[in-house]
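Okay, so here's the structure we're looking at.
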Amino acid sequence: MNFFNSMGLTMLQYLLSHPEYAFSPPDTADLCEAFDMAMAVLQERGDSAINWTDETVRAALATEIVAAWNNGERDPRRLSDSATLMAERRREAR
């Protein structure tokens, strides 16, 4: 995966800005893959009320993915699902 040509760069930046998290290169790739999948799903749904380029939105997705990872989830698809579910719940709570 080329992080500089994907949204995974945002996840990578998030991880680098949080030194309390330490992941191996393969784990980091899985986290970035999960982030990319979550962003793709949410953008595909086309919710115009959410600014997907907003860093707080992206940070919330990254935070959710890392939290799920820290709770033992390792599958990028399920990590992505966790983040998209969180985003949907936040949208509905508005």
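Mind listing just one residue for me: the one in the stretch 48-57 that is outside any helix (DSSP H, G or I) and surrounded by fewer than 13 Cβ atoms within 10 Å (Cβ to Cβ) and, of those, modelled with the highest pLDDT? Among them, the one singled out is D54.
Restricted to the stretch 6-30, and to residues there that are assigned to a loop (DSSP other than H, G, I, E, B) and closer than 19 Å to S80 by Cβ, the residue that is modelled with the highest pLDDT is F23. Only one of the listed residues (A60, A40) is within 12 Å of M11 (Cα to Cα) and either surrounded by fewer than 20 Cβ atoms within 10 Å (Cβ to Cβ) or polar (S, T, N, Q) (or both). That residue is A60. Restrict the check to the stretch 64-80 and report whether at least one residue is of a type in the set (K, R), surrounded by fewer than 14 Cβ atoms within 10 Å (Cβ to Cβ) and modelled with pLDDT under 90. No, that holds for no residue. Of all the residues in the stretch 31-47, those that are over 16 Å from S80 (Cβ atoms) and either in a helix (DSSP H, G or I) or at pLDDT 85 or above (or both) number 0.
The values are calculated or read from the model by the stated rules, or taken from the named source; none is laboratory data. Quick caveat: nothing in here was measured; it's all calculated off a predicted structure. Please note: Cβ atoms are built from the backbone with ideal geometry, for glycine as well, and neighbour counts cover all protein chains shown.
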